[in-house]
């Protein structure tokens, strides 16, 4: 007569089952393939789930899921005191009996090497399949998150935005090394004592691509992207500080998020020091919210500003932001790459050198506008003359001459002053 009794899983068993699960995780460092939430959902949803009890104590549990003729064993959990005593094999035999009644004929298990249950599976006739690689893709947006994300005006961005960033090599390399890589390679970062960033500031003249970089980071991470607009918060009717606090509380419910605040000086401007300063309470509220935001996993706050000198000094103190990185105007090589991107097929018949030289004070946004304008000029000529002539260098030079550059010498001087006094890389 066996020392244990096998029976169906009951909801009252859940606490003890979780304890068994935790024992197994401590003993088996590799992460399990099926998370506890999925196992519990299967057990409560009518899928085969069996526990072994000794008296009132749950000493073993097995959960499976069937789909047609194929069934998966999701969990084999055993109390440390009852391992190597045949309990695992007994649980497997019982769940197989139940699975046969559903029509399942192919029984599968996917477990980390040497984890709890592997020996019992081999004793029960299961054979490991060599030459296979387990692939996994994790979506960072569950069904419950989708509705909340929509309420926040956020979205999952298309993949590939990072690769589409043309030019801006220096800024792109800095952002990739400091921000992206520690977040996409967390195990390597931890091994070398590198803490993945939780909050960063991008600064630079208007139109240099700060928003594009923030979106590209979210795309690279495959995290939801939420842009916070201070003007919309103020329109909520509850006051800017209260709306800001409520928004951050909602963001905490998301499993992962890249929060982007452009022109952050609107809610973190330098305070006058007087209690009647209308921005005083808002800035204080944001300063209190940032540390709480940093405590969460899989969260990244990216703030952008045209000028660091407009921000409150407390906002820039170490401890709130891991990095303060410049996104400056494109140099010659970057402008050539940006022109190539926006010219597309037209680039073959255009001399890029004159365009690069003529657009010395242009931002990426200015180049995009001029490229569209030059293409429109050539299009209108073709519609009028039907000469079959492609867009020319002169078309784009004329468009450049008719485009007012965003950059000014004053904005560049301020940018270099920010680098000298506030850069944190």
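The values are calculated or read from the model by the stated rules, or taken from the named source; none is laboratory data. From a predicted model like this one, the values you see are computed outputs, not experimental measurements. FYI the Cβ positions are ideal-geometry reconstructions off the backbone, even for glycines, and counts take in every protein chain you see.
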Residues of the stretch 114-137 satisfying the condition of being exposed (fewer than 12 other Cβ atoms within 10 Å of the Cβ) and under 21 Å from residue 60 (Cβ atoms):
114, 125
Only one of these is modelled with pLDDT of 90 or more, in contact with a helix residue (DSSP H, G or I) (Cβ under 7 Å, 6 or more places away or on another chain) and either surrounded by fewer than 19 Cβ atoms within 10 Å (Cβ to Cβ) or within 16 Å of residue 283 (Cβ to Cβ) (or both): 233, 259, 228, 240. Name it.
228
Of the residues in the stretch 173-202, those that are in contact (Cβ under 8 Å) with a residue 60 or more places away in the chain and surrounded by 14 or more Cβ atoms within 10 Å (Cβ to Cβ) number 11
Test for residue 301: is it in contact (Cβ under 8 Å) with a residue 12 or more places away in the chain, assigned by TED's automatic domain parsing to the domain that holds residue 199 and surrounded by 17 or more Cβ atoms within 10 Å (Cβ to Cβ)
yes
Only one of 355, 397 that is closer than 19 Å to residue 168 by Cα and either not in a loop (DSSP other than H, G, I, E, B) or not assigned by TED's automatic domain parsing to the domain that holds residue 315 (or both):
355
Given the conditions (1) surrounded by fewer than 16 Cβ atoms within 10 Å (Cβ to Cβ); (2) over 26 Å from residue 165 (Cα atoms); (3) at pLDDT 90 or above, every one holds for residue 311 apart from (1)
Select, from 39, 33, 63, the only residue that is surrounded by 15 or more Cβ atoms within 10 Å (Cβ to Cβ) and either modelled with pLDDT of 90 or more or outside the structural domain of residue 117 (by TED's automatic domain parsing) (or both).
63
Yes or no: residue 330 assigned to a loop (DSSP other than H, G, I, E, B), modelled with pLDDT of 90 or more and out of contact with any strand residue (DSSP E or B) (no Cβ under 7 Å at 6 or more places or on another chain)?
yes
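Here is a yes/no grid of residues against (1) touching a residue at least 60 places away in the same chain (Cβ under 8 Å); (2) more than 32 Å from the chain's Cα centre (by Cα):
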{"residue": "333", "(1), (2)": "yes, no"}
{"residue": "349", "(1), (2)": "no, yes"}
{"residue": "352", "(1), (2)": "no, yes"}
{"residue": "369", "(1), (2)": "no, no"}
Take residue 144 and tell me if it is closer than 30 Å to residue 247 by Cβ and modelled with pLDDT under 85.
yes
Run residue 324 past the list (1) buried (at least 19 other Cβ atoms within 10 Å of the Cβ); (2) in contact with a strand residue (DSSP E or B) (Cβ under 6 Å, 6 or more places away or on another chain); (3) assigned to a helix (DSSP H, G or I) and report the number of the one that doesn't hold.
(3)
Within the stretch 309-321, can you find the residues that are part of a strand (DSSP E or B) and within 19 Å of residue 175 (Cα to Cα)?
318, 321
Condition first: assigned to a helix (DSSP H, G or I) and without any contact (Cβ under 8 Å) to a residue 40 or more places away in the chain. Now tell me which residues in the stretch 109-121 satisfy that.
118, 119
Can you name the condition, by its number, that residue 68 falls short on among (1) loosely packed, with under 12 Cβ neighbours inside 10 Å; (2) in contact (Cβ under 8 Å) with a residue 24 or more places away in the chain; (3) at negative phi?
(3)
Per the filter on the stretch 1-17, residues touching a helix residue (DSSP H, G or I) at 6+ places or on another chain (Cβ under 9 Å) and either more than 27 Å from residue 102 (Cα to Cα) or modelled with pLDDT under 75 (or both) are 2, 3
Whether any residue in the stretch 122-140 is assigned to a loop (DSSP other than H, G, I, E, B), in contact with a helix residue (DSSP H, G or I) (Cβ under 7 Å, 6 or more places away or on another chain), over 28 Å from residue 336 (Cβ atoms) and touching a residue at least 24 places away in the same chain (Cβ under 8 Å) is what I want to check.
yes
Determine which single condition residue 110 fails, assuming it passes every other condition in (1) closer than 22 Å to residue 38 by Cα; (2) surrounded by 21 or more Cβ atoms within 10 Å (Cβ to Cβ).
(2)
